[in-house]
Amino acid sequence: MGTYEPIFSALGLRSWCESGEQSGGGPVSMADLLAQNAGTDAPAPSIWEMPFPSMDELHEACAAFPQSRVLTKGLEDGFLGIKDGLSLVLDPITQPLSWFLEGALWLFETTPWWIMIPALLAVVLVVSRSRKLTVFVGLCLLTFAFIDYYSFAAQTLAVIFVCAILCVVLGVPIGIAMARSDRLQRAIIPILDMLQTLPAFVYLIPLIFLFSVTEPKLYGIAIILYAIVPVIRLTDLGIRLVDPDVIEAADAFGMTDRQKLMKVQIPLALPNIMAGVNQTIMMSLSMVVIASLVSAPGLGVLVLRGIRNLELGVGLVSGLGIVVLAVILDRTTKLALARINAGQDR
Amino acid sequence: MTETKIAIRDLYKVFGPDPMTALKAVREDGLGKPELLERHGHVLGLENINVDAKAGEITVIMGLSGSGKSTLIRHVNRLIDPTAGEIVFDGRDILGCTPEELRRIRREQMSMVFQKFALLPHKTVAENAALALEVRGISRDEYLPEAEKWLDRVGLQGYGDSYPHQLSGGMQQRVGIARALTSNADVMLMDEAYSALDPLIRTDMQDLLLELQQELQKTILFITHDLDEALKLADHLVILKDGRIVQQDEPQTILLEPSDPYIVDFVSDINRARVLRVRTVMDKTTATDGVSIAGEIDQEENLETVIAMAEGDTRKTYLVKDGERKVGILRMDTLVKSLVPTEATDDGIRAR
């Protein structure tokens, strides 16, 4: 029996423990089974082998004491308990995300390549104002098309476009609100820290419970939660870093809060906000690969196929394809950022 | 007698978590700045300030860093709220204004020039100059010509489409002044406007301000830590030390009758000939019998001009006139005596 049995006896909890034993206790662990099979009790342990009084160890001493698996089980049961109510609320709220993603995927897939590729190049040219980069992007896209990876790359791009835009639309106002209120900032920063450090796979588990795996919003939410952090952080930082002298001047000339925000704070914080957007795009790209586990389309599916079927070639080519997409997105946004920076170099 | 445009009355400012209690200690127990910091942990920013800024005059507030001068000027447009006291602007207490009224005053009646220029880096020079008009909601087509007009006036023709970072410090501050002028406000608050500029450019800008002032007759509150600058610009000079007014008067009076060892130290190495004017050192007599008059001078001339006119000859005597009227005579030897500097005090700031 357990090392800590005497303690329960001394506390006069014997009868409570035994009541636990009678009710059959929790599930039987492998260790219990092994011990039953061996049929022998271990010799009394020395002080060196005294185990930490953990939940499992105490359970051994007193059957009524809960095992540690009850904790995780309880969490799971609790989540399942509120699941229905939660998805009743979240489902309609997040439904537009599914529509956006479906719409974008439809757009990228049905538009013929000879319209899509020039259109993408035009966007790159407008954003970056660099002919060199546009030529590079053109070559990359044509290579994708030539080796029959174009549709996968287009799907990945579609998902990233939707998620990144939503990240900015949601993240910038949150960042602004944080910059204006120290209390809000203190409340939100731990959440951001958690979102940023939580292993990417962990996002998927509760989402699978909440939404059906066939719905695009499942991976959409995972990507947005993961990628929204930098744009919030850098918007907050950017607005807080705006020169207080300039803010004072804005006040002295009688600007309203709204004028100050639109005419001074956001324009001056723009380099930081754009840096956040760049990071957000990069992070959605990395998450879109992981999200292929829950049916996100695109190059990630091929990476997954490479791993599952040990198709080395497919895995490598699609992995490199993701790198190329990352380079394209990074260069384009960085050049846009550099342009903004040059505009307000002091 | 010109009317008072801005009157600052019994103004106190205490920085700290509980300013009202600390203020009580200052008023009732007469605590000074160091005692208040020691006993209550509060900083006494301004103590019993009373200043009248007359319409159309330049009121200069001078003090060393930490004397509270920048804090004081920020009370006038309420960038900082006082702990006690009132600020009367055109006959009404600014502290009673609603936020809406306050914004209107800041937009239309007061403009400000900053030490670090505080221009908007993402806007062109012309857009910066037009800030006050833009804030009022005036359309771009209307405000740009107005901004260009004032940019020309401060010597920045053709720079309207540049960005502030392309301009030198002196030029950036010209934009700052153009911005204040474009707002067409009666009152200009200048917070160490020239302190960040190098000496030659600073002299230029001082001349520019005096020239503009002759034409525009604004009410200017000017903050500086430089006595030469203060004496050159001031119609009315306020000397601030540790949040308290040490002396305020016409610059020449302060120079001739410093009321405090602190001021004596300040004025001891000033070029007195440049500040003092004929009317302050002349003999008020119209009897010119038996005196050989070497020439006529206006009573508002400074002594430097007279010395140059006499070519350094101390035996000459001049007839002083106010316009056409004779008001006195000026002997060159009297003039020289008035130039003897006041001794710096032994235990003053210089001795340390």
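Please treat every number below as a calculation from the coordinates, not as lab data. Just so we're clear, the structure is a prediction, and the values are computed from it rather than from any experiment. Because the Cβ atoms are built from the backbone with ideal geometry, glycine has one as well, and the counts that use them run over all protein chains shown.
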Point to revise | All lysines inside 27 Å of B:Lys321 as judged from Cα atoms, apart from same-chain residues fewer than 8 positions distant | key: B:Lys54, B:Lys232, B:Lys284, B:Lys337
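Keeping to pairs on different chains or 8 or more places apart, tell me how many lysine pairs in chain A have Cα atoms under 28 Å apart.
Values: A:Lys73/A:Lys83; A:Lys73/A:Lys217; A:Lys83/A:Lys217; A:Lys132/A:Lys334; A:Lys260/A:Lys334; A:Lys263/A:Lys334.
Qualifying lysine pairs in chain A: 6.
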Study note, to complete from the structure: Taking max minus min of the Cα coordinates of segment A:100-139 on each principal axis, largest first, gives extents in Å of 32, 19, 11
Check your understanding: For helix A:200-210, what angle does its Cα long axis make with the longest principal axis of chain A, in degrees from 0 to 90 and rounded to 10?
Key -> 80 degrees
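Just tell me how shielded A:242-249 is by partners: mean number of partner chain Cβ atoms within 10 Å of each residue's Cβ, no decimals. Each step should come with its number before you reach the end.
Details: counts 0, 4, 2, 6, 7, 1, 7, 13.
Mean partner-chain Cβ count within 10 Å for A:242-249: 5.
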Check your understanding: Pairing the Cα long axis of helix A:150-180 with the longest principal axis of chain A, what angle in degrees results, from 0 to 90 and rounded to the nearest 10?
Key -> 80 degrees
Exercise for review: Give, rounded to the nearest 20 debye, the magnitude of the charge dipole that segment B:1-148 has about its Cα centre when Lys and Arg contribute +1 at Cβ and Asp and Glu contribute -1 at Cβ.
Suggested key: 280 debye
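When you look at the Cβ of every residue in B:73-86, what mean number of other chain Cβ atoms sits within 10 Å?
Details: counts 0, 3, 0, 0, 4, 2, 4, 0, 0, 0, 0, 0, 0, 0.
Taking all residues of B:73-86 together, the mean is 1.
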Point to revise | Debye intensity ratio in log₁₀ form over the Cα atoms of segment A:224-328, taken at each q of 0.16 Å⁻¹ | key: -0.74
Review point. Rounded, prolate or oblate: which fits chain B, taking a ≥ b ≥ c as square roots of the Cα gyration tensor eigenvalues, rounded meaning a/c under 1.5, else prolate when a/b beats b/c?
Key: oblate
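Based on a Kirkwood Rh over C-alpha pairs, give the Stokes-Einstein translational diffusion coefficient of segment B:1-152 at 25 °C and viscosity 0.890 mPa s in µm²/s. Each step should come with its number before you reach the end.
Details: Rh = 17.8 Å.
Value of D from the Cα-based Kirkwood radius: 138 µm²/s.
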Point to revise | Helix runs (DSSP H) in chain B reaching 18 Å along axis by Cα, Kyte-Doolittle at least 1.6 | key: none
Practice item. Give me the lysines in straight-line cross-link reach of B:Lys116: C-alpha distance below 17 Å, same-chain residues under 8 apart excluded. Key: B:Lys69
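Below 8 Å, C-alpha to C-alpha, sequence gap of six or more: please give me the relative contact order for segment A:106-214 in percent.
Working: 26 pairs, mean separation 18.6, N = 109.
Relative contact order, segment A:106-214: 17 percent.
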Exercise for review: For segment B:209-300, just say rounded, prolate or oblate: build the C-alpha gyration tensor, square-root its eigenvalues into a ≥ b ≥ c, call rounded for a/c under 1.5, and beyond that prolate if a/b exceeds b/c, oblate if not.
Suggested key: oblate
Review point. Once you charge only the Cβ atoms, +1 for Lys and Arg and -1 for Asp and Glu, what is the size of the charge dipole of the protein assembly as shown about its Cα centre, to the nearest 20 debye?
Key: 1580 debye
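What does the C-alpha gyration tensor say about the overall shape of the protein assembly as shown? Classify as rounded when a/c is under 1.5, otherwise prolate if a/b is larger than b/c, or oblate.
Numbers: a/c = 3.63, a/b = 1.98, b/c = 1.84.
Prolate.
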Check your understanding: Can you tell which of A:Ser151, A:Ala104, A:Ala338 lies farthest toward the positive end of the dipole of chain A, using +1 and -1 charges on the Cβ of basic and acidic side chains (Lys, Arg; Asp, Glu)?
Key -> A:Ala338
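At 222 nm, what helix-only mean residue ellipticity would chain A give, in deg cm²/dmol to the nearest 500, using -39500 (n - 2.57) for each DSSP H run of four or more?
Calculated at 222 nm, the ellipticity per residue is -26000 deg cm²/dmol.
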Review point. Hey, how many Å between the Cα centroid of segment B:73-113 and the Cα centroid of segment B:158-173?
Key: 30 Å
Check your understanding: What ³J(HN,Hα) values, in whole Hz, does the Karplus curve 6.51 cos²θ - 1.76 cosθ + 1.60 give for segment B:113-130 when θ = phi - 60°, with x put for Gly and Pro?
Key -> 10, 10, 4, 9, 6, 6, 7, 7, x, 8, 10, 6, 4, 5, 5, 4, 4, 8
Practice item. Could you work out how far helix A:216-241 tilts from the main Cα principal axis of chain A, as a 0 to 90 degree angle to the nearest 10? Key: 70 degrees
